[in-house]
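The values are calculated or read from the model by the stated rules, or taken from the named source; none is laboratory data. The structure presented is a predicted model; accordingly, all values stated were derived computationally and were not measured. Cβ atoms come from the backbone with ideal geometry, glycine included; neighbour counts cover every protein chain shown. All accessible areas refer to the heavy atoms of the entire protein, side chains included, with ligands and DNA or RNA removed. Shrake-Rupley method; radii C 1.70, N 1.55, O 1.52, S 1.80 Å.
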Number of protein chains: 2
Amino acid sequence: MTEVLPSYIAGSWQTGQGEGTTVADAVTGDPVVRVTSDGLDLAAAVDHARSVGGPALRGLDFATRAGMVKALALALSERKQELYDLSARAGSTRADSKVDVDGGFGTALVYSSMGRKGLPAGNVVVEGPVEQLGKEGTFVGQHVLTSRRGLALQINAYNFPVWGMLEKLAPALLAGVPTIAKPATQTSYVAEHAVRIILEAGVLPEGALQLVSGAIPGMLDLLHGQDLVGFTGSAQTAAKLRGHPAVTERSVRFTAEADSLNCSVLGPDAVSGTPEFDLYVGGLVAEMTSKAGQKCTAIRRAFVPRGVIDEVTEAVSAKLAEVVVGAPGAEGVTMGALVGTDQRADVRRSVEALQADSRLAFGDPTKVDVVGADPEKGAFLGPLLLRAEVDARTPHEVEAFGPVSTLMPYDDRAQLVDLVARGHGSLAGSVVTHDPDFARGVVLDTAALHGRILVLDRDDAAESTGHGIPMPQLVHGGPGRAGGGEEEGGLRAVYHHMQRTAIQAGPAMLESILQVADDEK
Amino acid sequence: MTEVLPSYIAGSWQTGQGEGTTVADAVTGDPVVRVTSDGLDLAAAVDHARSVGGPALRGLDFATRAGMVKALALALSERKQELYDLSARAGSTRADSKVDVDGGFGTALVYSSMGRKGLPAGNVVVEGPVEQLGKEGTFVGQHVLTSRRGLALQINAYNFPVWGMLEKLAPALLAGVPTIAKPATQTSYVAEHAVRIILEAGVLPEGALQLVSGAIPGMLDLLHGQDLVGFTGSAQTAAKLRGHPAVTERSVRFTAEADSLNCSVLGPDAVSGTPEFDLYVGGLVAEMTSKAGQKCTAIRRAFVPRGVIDEVTEAVSAKLAEVVVGAPGAEGVTMGALVGTDQRADVRRSVEALQADSRLAFGDPTKVDVVGADPEKGAFLGPLLLRAEVDARTPHEVEAFGPVSTLMPYDDRAQLVDLVARGHGSLAGSVVTHDPDFARGVVLDTAALHGRILVLDRDDAAESTGHGIPMPQLVHGGPGRAGGGEEEGGLRAVYHHMQRTAIQAGPAMLESILQVADDEK
């Protein structure tokens, strides 16, 4: 019988009971692992984080914590091949894995560096100026940030088992808050291995990181107002978690980062023959095919000037025709599998829904040529480009979480802004233009709808990381449909795990409180 | 029949239909006003904010908005006597009214000043440094804050009808976000009059401020991810609102500021005869009697070294014995009424619950001498001091929202920190000590449990604003039981109404986007 994936709870590796869920190889359909948390003592994990991990982390200064984050990143880097190999079973090509694995430890390294450079000595952040509260200056105020005395429950999505975990773990560790990671079932074996590598490196104090492979029934009931829940995944699950009494009644700090209907806009200046036209087409194809389109930041809505939509359709279709779908690592393969056949069925249903007022311009949802694998046993799906008119509703409502995007025309900037807004908030948008006036108008008019906007042109393209890549220095998250939260964004993510408190005192008393805090480093 | 309190919706004063709720004078029990929103077109209010107020405010630069906030504050200041007179009907003495009315327009003035000095030209905030994202410097990132394209629904508590409204309204106006204010029924006639003064001053663009007197059934159903809800009041209502699909599914930005079991700590150095001993006693009595204890920041839990608890009890009781309860304005009266007899019944029930493991040390919940009013028709209640042991549970769980506080001993600092933590998060705490070591230990060990901590001693006492007074410069809010939110805190409250977006571009493109934004001032 297939092995049960272990969890790491209260200082030891443990396995759940019962049959659990069998996770199939995305490429072959063979069973990889069984996932169950039945019988695990989840309350012990919560207790352990509170009583062991929290005090241990809070006792370390920021510099020591930054050193730990660097060490765990280097440990992952050294053993990245093991993670690539496992990721291939989840359908990821080497390029996909790099986004996840190298992106993951790279993010941790950037966090370590930001922490070392940007956080003070000691373990208290003094934020902003001293506020004089009286005329004579004998009474002042000062905001400080201290570690929340709770734990961070991190519920991650299947598409980035390593990066998604590390972009939450690194800020929590820097902030002195212990983590319980709960990976998505589909790729939990990749996350489990990453945790194993980290723990085997022996760089974290006991209790700083625990792992639950499988469901976490009742765990939110155990959380209180010093705890945090960070969630990445579907809007539906986000809503369910956010409605839990832990959040609504006990003020557990909750952040959601949900998939959104991100857009990319082609500027009117970027006609065929300009570098921007090619950048737009290349960017769209990259976002459709990277991770087989299973990215929360992927471009789902592609807006182009009405006059060029046929040309864009042709250019994108021509590039999509070159995509080779198949087993990761097989000769010539440029796009892997979806994470599973359930996911493929979901995407197909969504594409059907989109076709209510969109039409297929490229690809066939029912048929795909596959290299090195069986197209039915594996979760393969070819890239699908749709086209819709300005009055279509479904492209602004239905998300096909796969290699799927919808091209739509726009007639003028006002209409464009209205179309962008119909997505009800996104993680990422991009504007491909060399015209600063157009860029300014669209960026400022749609900024409030986005967590991040990329302006791409001939000048930044060489160094640009592209539409779909969150950066640790910049906020990742977005309003409305995107979940309303923020992750990353430099040290903001660390501060998110800390409590801001206004201290009021006389200036000498304040100084002695904060100086001593500083001396304790 | 008693008149219906008007609402201001979509550009006109309107009155709801039906009988509604009759609000009684807190002092005489006579009807003051009826409150009903039945038949009002709440959807029109939402539409009006979106289509009229929002665009009008967003079209103004920060400096103009700061000027509006100053103008409305001055208008309130000029007509403050009208607000004092109305507040007296809600049980407030002149001193109570000043905290609310002068505190309200004073807060708006500080916000205007902070906005004028701290916000940039134009209407976009550029936040933090330019982040270099590539080695060559051709690709950079920059966070900006722009006005959220929605409205702020502000649901206020009864105890501060003016201040509570203005500390939400001022930041929203500065941020360019239109407000719909929804006061608590009990003191809605005070809030209505404040709104009337503001609107009559003619300083706001139409749609920037609307008022719903009465319930708002279905209004949250109309909100989306660009909107905000700011709530002050009970934890129970906060939980209900936070569990609404507007918040859980559509990511309406939600902040709660809920009453909490705030503590005040007397340091071991502050024995009888020290200035700090007297400051502690005076502060506790002030917090018990100001607004008749109806303050979300009031001291509910008073921790003192075991050795001095009898002395503290005596000193506090002696001062409480001097309190004169009665009609605001009547000869010698130093403490007014609760807002209504329902509230008094609530407080009595809570005191009964507290007596499960606390005992009354001063006062009688069933009997009070009242000057200038009928003790039964008016909502009068004398101050009540309770005492409990370190193992008592109810003082950490039951809030009596009136002139009630519980004294408890502590034996050492570790035990003290544990006792403080049992409140599950507070808006405000205070430590009265002249010993920097004790202050440092308690402040840093309990900071994460508080939104604000006052360290009070002989050096800052003269200028200190006291335990219970939030300051516009400093965060107001707190973790856990206090609602997990933040209000005020300087420009943070303005930024809360804006959307943070990371812009990625080449440096020249970024500069031209932001420079032009700046030129548009």
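Can you say whether A:L241 is open to solvent by 10 Å² or more (accessible area, probe 1.4 Å), more than 30 Å from A:P383 (Cβ to Cβ) and touching a Phe, Trp or Tyr at 6+ places or on another chain (Cβ under 8 Å), as far as the supplied structure shows?
Values: open to solvent by 10 Å² or more (accessible area, probe 1.4 Å): yes; more than 30 Å from A:P383 (Cβ to Cβ): yes; touching a Phe, Trp or Tyr at 6+ places or on another chain (Cβ under 8 Å): yes.
It is true that A:L241 is open to solvent by 10 Å² or more (accessible area, probe 1.4 Å), more than 30 Å from A:P383 (Cβ to Cβ) and touching a Phe, Trp or Tyr at 6+ places or on another chain (Cβ under 8 Å).
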### Query
Name the residues in the range A:451-472 that are facing another protein chain (nearest Cβ under 9 Å), open to solvent by less than 10 Å² (accessible area, probe 1.4 Å) and touching a helix residue (DSSP H, G or I) at 6+ places or on another chain (Cβ under 8 Å), would you?
A:G451, A:I453, A:V455, A:D457, A:D460
## Note on the structure
Here the residues within the range B:272-281 that are open to solvent by less than 30 Å² (accessible area, probe 1.4 Å) and outside any helix (DSSP H, G or I) are B:T274
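Could you tell me which residue of the range B:1-19 is nearest to B:A49 (Cα to Cα), considering only residues that are in a loop (DSSP other than H, G, I, E, B) and hydrophobic (A, V, I, L, M, F, W, C)?
My answer is B:A10.
Take the range A:156-168 and flag every residue that is among the charged types (D, E, K, R) and either open to solvent by 10 Å² or more (accessible area, probe 1.4 Å) or within 14 Å of another protein chain (Cβ to nearest Cβ) (or both).
Taking the range A:156-168 first, the residues among the charged types (D, E, K, R) are A:167-168.
Across the range A:156-168, the qualifying residue is only A:K168.
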### Summary
Scanning the range B:295-339 residue by residue, the ones that are in contact (Cβ under 8 Å) with a residue 40 or more places away in the chain, farther than 25 Å from B:H396 by Cα and either in a loop (DSSP other than H, G, I, E, B) or among the charged types (D, E, K, R) (or both) total 11
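Does A:V442 count as farther than 13 Å from B:I503 by Cβ, in a helix (DSSP H, G or I) and either more than 10 Å from chain B (Cβ to nearest Cβ) or of a type outside the set (S, T, Y) (or both)? Steps first, answer last, please.
On the way: farther than 13 Å from B:I503 by Cβ: no; in a helix (DSSP H, G or I): yes; either more than 10 Å from chain B (Cβ to nearest Cβ) or of a type outside the set (S, T, Y) (or both): yes.
The answer is no for A:V442.
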### Pairs with Cβ under 6 Å, 6+ apart, first in the range A:49-64 and in contact (Cβ under 8 Å) with a residue 12 or more places away in the chain, second open to solvent by 50 Å² or more (accessible area, probe 1.4 Å)
A:V52/A:E206; A:D61/A:K521
### Task
Run A:D269 past the list (1) of a type in the set (D, E); (2) open to solvent by less than 10 Å² (accessible area, probe 1.4 Å); (3) away from chain B (no Cβ under 12 Å) and report the number of the one that doesn't hold.
(2)
### Message
So, in the range B:103-155, exactly how many residues are more than 7 Å from chain A (Cβ to nearest Cβ), open to solvent by 10 Å² or more (accessible area, probe 1.4 Å), closer than 27 Å to A:E486 by Cβ and polar (S, T, N, Q)?
### Response
2
### Task
Scan the range B:172-202 for residues that are open to solvent by less than 10 Å² (accessible area, probe 1.4 Å) and within 19 Å of B:V46 (Cα to Cα) and report the count.
11
### Query
If a residue has to be open to solvent by less than 10 Å² (accessible area, probe 1.4 Å) and on the phi > 0 side of the Ramachandran plot to count, how many in the range B:203-232 make the cut?
2
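Taking the range A:58-84 as the region of interest, how many residues are outside any loop (DSSP other than H, G, I, E, B) and either in contact with a helix residue (DSSP H, G or I) (Cβ under 7 Å, 6 or more places away or on another chain) or at pLDDT below 95 (or both)?
Here is the first cut: in the range A:58-84, the residues outside any loop (DSSP other than H, G, I, E, B) are A:58, A:62-78, A:80-84.
This time we only want the ones that are either in contact with a helix residue (DSSP H, G or I) (Cβ under 7 Å, 6 or more places away or on another chain) or at pLDDT below 95 (or both), so: A:62-63, A:65-66, A:68-73, A:75-77, A:80, A:82-84.
Matching residues across the range A:58-84 total 17.
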### Query
Going by the structure shown, is A:R89 at pLDDT 95 or above and either within 13 Å of chain B (Cβ to nearest Cβ) or surrounded by fewer than 20 Cβ atoms within 10 Å (Cβ to Cβ) (or both)?
no
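Can you tell me which residue among B:F277, B:F254 is of a type in the set (F, W, Y) and out of contact with any Lys or Arg (no Cβ under 8 Å at 6 or more places or on another chain)? Give the derivation first.
Details: B:F254 fails: out of contact with any Lys or Arg (no Cβ under 8 Å at 6 or more places or on another chain).
Unique residue meeting the criteria: B:F277.
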### Task
With the checklist (1) over 30 Å from A:I180 (Cβ atoms); (2) aliphatic (A, V, I, L, M); (3) in contact (Cβ under 8 Å) with a residue 60 or more places away in the chain in hand, flag the one item A:A258 doesn't pass.
(1)
## Note on the structure
Picking from A:A246, A:A292, A:A239, the residue that is assigned to a helix (DSSP H, G or I) and without any contact (Cβ under 8 Å) to a residue 24 or more places away in the chain would be A:A239
### Summary
Here the qualifying pairs (Cβ atoms under 8 Å; residues six or more apart or on different chains; first in the range B:108-135 and on the phi > 0 side of the Ramachandran plot; second at pLDDT below 95) come out as B:G122/B:A517; B:G122/B:D518; B:G122/B:D519; B:G122/B:E520; B:G122/B:K521
### Query
Is there a residue being within 14 Å of chain A (Cβ to nearest Cβ), surrounded by fewer than 24 Cβ atoms within 10 Å (Cβ to Cβ) and part of a strand (DSSP E or B) anywhere in the range B:249-260?
yes
### Summary
Considering the range A:499-516, residues that are polar (S, T, N, Q) and either at the interface with chain B (Cβ under 7 Å from one of its Cβ atoms) or over 38 Å from the mean Cα position of the chain (by Cα) (or both), and then whichever is farthest from B:R440 (Cα to Cα), we arrive at A:Q499
### Query
Does A:A447 satisfy being aliphatic (A, V, I, L, M), at the interface with another protein chain (Cβ under 9 Å from one of its Cβ atoms) and open to solvent by less than 10 Å² (accessible area, probe 1.4 Å)?
yes
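This table checks each residue for (1) surrounded by 16 or more Cβ atoms within 10 Å (Cβ to Cβ); (2) without any contact (Cβ under 8 Å) to a residue 24 or more places away in the chain; (3) in a strand (DSSP E or B).
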{"position": "B:D346", "(1), (2), (3)": "yes, no, no"}
{"position": "B:E352", "(1), (2), (3)": "no, yes, no"}
{"position": "B:P365", "(1), (2), (3)": "yes, yes, no"}
{"position": "B:A379", "(1), (2), (3)": "yes, no, no"}
{"position": "B:G402", "(1), (2), (3)": "yes, no, no"}
{"position": "B:S405", "(1), (2), (3)": "yes, no, yes"}
{"position": "B:A414", "(1), (2), (3)": "no, yes, no"}
{"position": "B:H424", "(1), (2), (3)": "yes, no, no"}
{"position": "B:S430", "(1), (2), (3)": "yes, no, yes"}
#### Entry: Sole exception among (1) surrounded by fewer than 24 Cβ atoms within 10 Å (Cβ to Cβ); (2) in the same structural domain as A:L386 (by TED's automatic domain parsing) for A:A508, by number
(2)
